[in-house]
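The values are calculated or read from the model by the stated rules, or taken from the named source; none is laboratory data. Not measured: the values here are computed from a predicted model. Quick reminder, even Gly has a Cβ in these numbers, built from the backbone with ideal geometry, and neighbours come from all protein chains shown. All accessible areas refer to the heavy atoms of the entire protein, side chains included, with ligands and DNA or RNA removed. Shrake-Rupley method; radii C 1.70, N 1.55, O 1.52, S 1.80 Å.
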Amino acid sequence: MKNFGKKEKKPRPVGAGKPSSVDSGHGFYERPDSEAPLDEYSGASRQQVNRTSRHSPARRRENSNRASQAQMAMLALKIFLIPVLLIIGYVALKLIVGQFEGPTGKDLERWEVNSGVMERGPLAEGTLSDGPVDSGDAEFLKVRLDSLEQAGILLRSAESLEQRDLNEQAVVRLQEALRFAPESLAAQSLLLQLYMQLEKYEEAVPLCIRLLGQDGGNRQVKDYLLTALHKTDRSEASLLLAERMLKDDPENLHVMEVAAYDYAAKGDSDTALQLYDRILKRDPNHLLALEGAGTIYEWRGEWEKALPYYMKLGKLDPQSKRYYALARNYSHQNEAGKAVIFLGQAVSLYGESEVIPWLSDPGFDPVRETIEFRSFADQVAGEKTRQAIEEIRRREVRQETPLAPDLKLPSKTDLEVLKPRN
């Protein structure tokens, strides 16, 4: 019988299953001399010395292109520091350039000494004698030339500052320059220009007068002086100068504007109206002349004469105050319907909040109790508000003391309308 039991394992012959040796020439794979054996890393007892898996944490950190938190923080710090360093460098460079442009402390001390020597010079009138030049004349001439040179340095520094819009610092330099060369026309002219730009009109007035003493026909200086006198409310002086200027240039619009304002401030409305008419003959659309003429006729109670000026203003320069003036004008002519028309147009264009404060104006008293005005006031402000306004106006009318027309002068608020804009 056949034995169906387990087959006995025969011993494996030595060398079976192994690849043929290199020398046999019959092997499936021949290993080069420089290559490690295929089973070099097989076996649990052997350690991997020369290779590392590409999926290990160490290899992943080496191959990762992500920046660490420390690197990101360093990058952010660099981004922040770059503009800061640029700003610091710009400010430092600006300070260094300013030091080179302006005089040093030692220069100012030396100039102060030279200025004192010049003031105590041997010649009171500041000129050299006709005779031979002695030691005193030579010393005075040296100090004088040094002072002019120092004034030139300060003037050039001021011009540089003025070009960079550092007008306040330029004024200081020019004032220092005039201490060494008080008659310097260039320094005085630039200083006057800066005074006008900085609206330092009080300082500009004496400087204008000094420059006119050197050149009485300088029209630019006269314009500056007229503006400075006008801005400082020296009405009498500005009117005197305006009249002199109009003799030389009777068609100067700006001078006529200032003169008309000064005449109106004095209460001479006739002359002011004549000047406004002269302006309108040259420029029919001159807004200030139109508003000035209409305002003066309104002061005088000549509402019909004021109306054409207000109508033209409404077409050329539509604003809420134009509708306000037209409505008030028609109110004084007892034209309630026309007054309400312009009030209604103002409401549609500018809203009720703009028009409601107008209802308490005394200029609407002539039509306040008419049906048209009351109906409009009820629609815009409400019946209770309208009744309250009427009661307030009745009390104010009882308390008012009428003045004679020839005694009433325009207030500063009224005159603001007539002030030249330039």
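Laid out as a table, the results:
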quantity: Members of segment 144-169 that are among the basic types (Lys, Arg) and open to solvent by less than 60 Å² (accessible area, probe 1.4 Å); calculated: Arg144
quantity: Candidate set from segment 272-302 (those that are in contact with a Ser or Thr (Cβ under 9 Å, 6 or more places away or on another chain) and part of a helix (DSSP H, G or I)); member that is modelled with the lowest pLDDT; calculated: Trp299
quantity: Some residue of segment 312-325 being open to solvent by 40 Å² or more (accessible area, probe 1.4 Å), under 30 Å from Arg386 (Cα atoms), of a type in the set (Phe, Trp, Tyr) and in contact with a Ser or Thr (Cβ under 8 Å, 6 or more places away or on another chain); calculated: no
quantity: Pick from segment 303-354, criterion farther than 20 Å from Gln379 by Cα and of a type in the set (Gly, Ala, Ser), ranking: modelled with the lowest pLDDT; calculated: Gly314
quantity: Per-region count, segment 170-213, residues touching a residue at least 24 places away in the same chain (Cβ under 8 Å), under 15 Å from Leu226 (Cα atoms) and of a type in the set (A, V, I, L, M); calculated: 5
quantity: Filter pass, Pro366 being loosely packed, with under 15 Cβ neighbours inside 10 Å, assigned to a helix (DSSP H, G or I) and in the same structural domain as Ala327 (by the TED database); calculated: no
quantity: Residue among Arg282, Arg300, Arg374 that is touching a residue at least 60 places away in the same chain (Cβ under 8 Å) and open to solvent by 40 Å² or more (accessible area, probe 1.4 Å); calculated: Arg300
quantity: So Ala346, is it assigned to a helix (DSSP H, G or I), in contact with a Lys or Arg (Cβ under 6 Å, 6 or more places away or on another chain), hydrophobic (A, V, I, L, M, F, W, C) and open to solvent by less than 60 Å² (accessible area, probe 1.4 Å); calculated: no
quantity: Selection from segment 363-387 of residues that are of a type in the set (Gly, Ala, Ser) and more than 44 Å from the chain's Cα centre (by Cα); calculated: Ser375
quantity: Residues that are open to solvent by 50 Å² or more (accessible area, probe 1.4 Å) and aromatic (Phe, Trp, Tyr), drawn from segment 194-237; calculated: Tyr224
quantity: Those residues of segment 372-400 which are of a type in the set (Ser, Thr, Tyr) and over 17 Å from Gly344 (Cα atoms), in sequence order; calculated: Thr385
quantity: Filter result for the condition that a residue is part of a helix (DSSP H, G or I) and assigned by the TED database to the domain that holds Ile371, over Tyr330, Tyr309; calculated: Tyr330
quantity: Residue match in segment 92-102 (condition: touching a Leu at 6+ places or on another chain (Cβ under 6 Å), modelled with pLDDT under 75 and open to solvent by less than 70 Å² (accessible area, probe 1.4 Å)); calculated: no
